[in-house]
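Structure first, commentary second.
The values are calculated or read from the model by the stated rules, or taken from the named source; none is laboratory data. Since we're looking at a predicted model, the values are computed, not measured. Cβ atoms come from the backbone with ideal geometry, glycine included; neighbour counts cover every protein chain shown. When the accessible area is computed, the model is the full protein with side chains, heavy atoms only, and any ligands, DNA or RNA have been set aside. Shrake-Rupley method; radii C 1.70, N 1.55, O 1.52, S 1.80 Å.
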Amino acid sequence: MKAMNCLLLTVIAAGVLSAGAVSAADVKIATVNMTRVMKAHPETKANMTVLEKQKTEFENELKALKEQREKMEKEFKVVKESAENRALSEDVRREKVKEAEEKFQALMKFNDEMRETAIKRQKQFSDQGQRMAERVQEKIAEAVREYAKKKGYTLVLDSAVQGMSGLDGVVYAEEKMDDTAEILKITGGSEPGK
């Protein structure tokens, strides 16, 4: 995805720079480290708090399910051992075997449900995190677009993007082209230690 974005940005930049109607003197380019802006955005921090709370709730739910499974395993073991007790009559042992089979089936069903619950919760957690991040990314992108129009930029590049080769998408840009600090101010982002 990042590689495609980098390739697309390169193609767009080449198109802008080579367009007959736009001369190099008319091109005004800025860079923004979108990763820094995203991490510093107040909603990102709030989202992380929500996700951490949900993660703790999920871990507690999973712990309770594991404890319930352990209880069911112990109950199964007790019934299974009593079914093997030769001191009991054949009829009682048959009843215990039947009971042990039922407990084993219930345990297997519970294990399946527990696994499904864990997978479902992890997917919900992941999907919610993705949706939250996308909302923040769109707000930041809109702020960058408005800023770029206001400042008369022809092109704004994400200096945090890596290309297909693993190299930075923006190999070189003068420091004065970096408008990350301005975008941080606009979006209300604050970086630790700054």
Please report Rg (one decimal) and Dmax (integer) in Å for the Cα set of segment 148-194. 12.7, 34
Leading residue at positive end of dipole, segment 23-114 (Cβ point charges), from Phe76, Asn33, Ala87: Asn33
Can you tell me the mean projection area, over all orientations, of the convex hull of the chain's alpha carbons? Units nm², please. 16.8 nm²
Less than 16 Å apart at the alpha-carbon level, and either on another chain or at least 8 residues along: which lysines does that give for Lys39? Lys139, Lys185, Lys194
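Placing +1 at every Lys and Arg Cβ and -1 at every Asp and Glu Cβ, with all other atoms neutral, what dipole size does the chain have around its Cα centre, in debye to the nearest 20?
For the chain, the charge dipole is close to 180 debye.
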The percentage of the accessible area of the chain (probe 1.4 Å, all protein chains present) made up of carbon and sulfur atoms, to the nearest whole number, is 55 percent
Rounded to the nearest angstrom and ordered from largest down, what semi-axes does the equivalent ellipsoid of segment 103-147 get from its C-alpha gyration tensor (root of 5λ)? 43, 4, 4
Using helices alone, I'd like the mean residue ellipticity at 222 nm for the chain: each DSSP H run of four-plus residues gives -39500 (n - 2.57), total over residue count, nearest 500. -25000 deg cm²/dmol
